Amino acid sequence: MINKASWERVRFGDVIESLNKTTKHFPNESLEALVALDDMDSGELHISRWSKPNLETSFSKIFREGQTLFAKRRAYQKKIAVAHLDGICSGDILVFDSKNPQRLQQNLIPFTCMTEDFYRFVEANSQGSLSPRVSMSALNKYKFLLPPIDEQEHIAEVLWAVDIASQKYVNVLDSTHSLRNSLEAKYFVSYGANRDEMYVPQGWTLGYLSDLVQINPPVTNNLTCKYASFVSMDMIDTYGKITNPQTVAFNNHRKGYTYFEDGDILFAKITPCMENGKGAIARELVNGIALGSTEFYVMRPLNIYDTDYIFALIMSRIYRHGARHWMQGSAGQKRVPRDFFTKSVIRIPPIDERIYIGEVFTALFNSIEKAEQSIISSKRMLHDLINKFFSCGGAN
């Protein structure tokens, strides 16, 4: 438990001010960035993109490095960030600074604005229907508990340490995605519109995915299993795994659904699931079998050692970009035709290289999942700590 006996209940406006200094003098060498609302991301303390100020901009509000930027328009989106350089921003962004650094440290301001209490207050005091805004005069009345100045430094160290850890995972994730993109371009891209124009590395051949898999294999003969897994589209997660499948009576559901087995690969055929990367390798099914959405294509590798390679190929952005151009049907109901797998030319490496490529991408997928889960965990920790430290205890 945190001992808050010596903490002071304060109003937001008693310790934090909104700065409204403006300029119209461009270009200005001391103002490096132009930040719009769209440049701020929900729940992110850092601004990762911005424009250069220019004569045509309508923005004029100045912010300085270390100050806190808060989006007052649609504040429920929780856009708040600390400036790491000087610049100008939209009039719908409030620029916060400490009224008295001896009472409130500047680097604690963003955390006081990230509690659940704060956003409940903001939502209750925003005005407007389509684009609700919260005013500084309303925020001035918000109350929170302020620790003594000597405790603030320790609290800031803890909170920023968690944020730094989160940013390290973000950097790892970005690097891994970049590596994935470059390797997809190396191994999966087809140079040219037809077979005669494609570059084929030595030892590789041209062919079709159907040379490596059986598409929609039939139900295995003489099945005696009473139960099977059932997998709907929403049970495929963003990491290509089946999550929380149901158990159903096989004979009661075998008609009208797609059949597959352990080791089969699922590929979503319908928009937007195909474009969003829905796909999975079936593993640990009830009795080794399953029924699922009819919007899946089932791919059974002809060589079991090809499984990871084929999964990496069909999950690549390059392959799905090609599939998108083959889609047929009306808007919202477009599907990839089966012909795509039998007529769209791909480059096929030798089996030993396919095994190696599959292993590389499996490691990449695992790294991406681990980094994303670490980011989620660190953000959850930061959220919990902020609310423990700065909850107003129902004072508003």
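The values are calculated or read from the model by the stated rules, or taken from the named source; none is laboratory data. For clarity, every value in this text was computed on a predicted model and none was experimentally measured. Positions of Cβ are generated from backbone atoms using ideal geometry, with glycine treated the same way; all protein chains shown enter the neighbour counts.
Applying the set (1) within 30 Å of Phe144 (Cβ to Cβ); (2) among the hydrophobic types (A, V, I, L, M, F, W, C); (3) in a helix (DSSP H, G or I) to Ile355 leaves exactly one unmet item: (1). The residue that is surrounded by the fewest Cβ atoms within 10 Å (Cβ to Cβ), counting only those in segment 303-319 that are polar (S, T, N, Q) and out of contact with any Pro (no Cβ under 7 Å at 6 or more places or on another chain), is Asn303. Does segment 299-309 contain at least one residue that is within 21 Å of Leu364 (Cα to Cα), out of contact with any helix residue (DSSP H, G or I) (no Cβ under 6 Å at 6 or more places or on another chain) and assigned to a loop (DSSP other than H, G, I, E, B)? Within segment 299-309, not a single residue is within 21 Å of Leu364 (Cα to Cα), out of contact with any helix residue (DSSP H, G or I) (no Cβ under 6 Å at 6 or more places or on another chain) and assigned to a loop (DSSP other than H, G, I, E, B).
Within segment 216-265, being more than 23 Å from the chain's Cα centre (by Cα), free of Cβ contacts under 8 Å to residues at least 24 places away in the same chain and farther than 15 Å from Glu284 by Cα holds for Asn221, Asn222, Thr224, Ala249, Asn252, Lys255. On the stretch given as segment 64-89, residues that are outside any strand (DSSP E or B), surrounded by 18 or more Cβ atoms within 10 Å (Cβ to Cβ) and of a type in the set (A, V, I, L, M) total 2. Does Gly279 qualify as being loosely packed, with under 15 Cβ neighbours inside 10 Å, touching a strand residue (DSSP E or B) at 6+ places or on another chain (Cβ under 8 Å) and of a type outside the set (S, T, N, Q)? Against the criterion (loosely packed, with under 15 Cβ neighbours inside 10 Å, touching a strand residue (DSSP E or B) at 6+ places or on another chain (Cβ under 8 Å) and of a type outside the set (S, T, N, Q)), Gly279 does not qualify.
If only residues of segment 135-146 that are buried (at least 18 other Cβ atoms within 10 Å of the Cβ) and either among the acidic types (Asp, Glu) or in contact with a helix residue (DSSP H, G or I) (Cβ under 6 Å, 6 or more places away or on another chain) (or both) are counted, the one that is modelled with the lowest pLDDT is Phe144. Taking each residue of segment 105-123 that is outside any loop (DSSP other than H, G, I, E, B) and looking for partners that are among the hydroxyl-bearing types (Ser, Thr, Tyr) with beta-carbon atoms closer than 6 Å, six or more apart or interchain, yields Gln106/Ser98; Ile109/Thr68; Pro110/Thr68; Asp117/Ser391; Phe121/Tyr142; Glu123/Tyr76. Of the residues screened, Ile265 is not one that is farther than 24 Å from His325 by Cα and not basic (Lys, Arg).
Being in a helix (DSSP H, G or I) and loosely packed, with under 13 Cβ neighbours inside 10 Å is the filter here; which residues of segment 194-229 pass it? Result: Arg195, Asp196, Glu197. Applying the set (1) part of a loop (DSSP other than H, G, I, E, B); (2) more than 20 Å from Asp163 (Cβ to Cβ); (3) in contact (Cβ under 8 Å) with a residue 24 or more places away in the chain to His25 leaves exactly one unmet item: (3).
The criterion of being surrounded by 16 or more Cβ atoms within 10 Å (Cβ to Cβ) and not in a helix (DSSP H, G or I) does not hold for Gly322. Can you pull out the residues in segment 230-249 that are surrounded by 13 or more Cβ atoms within 10 Å (Cβ to Cβ), hydrophobic (A, V, I, L, M, F, W, C) and farther than 28 Å from Ser367 by Cβ? Across segment 230-249, the qualifying residues are Phe230, Val248.
Of the residues in segment 340-356, none is more than 30 Å from Gly203 (Cα to Cα) and either touching a Cys at 6+ places or on another chain (Cβ under 6 Å) or of a type outside the set (A, V, I, L, M) (or both).
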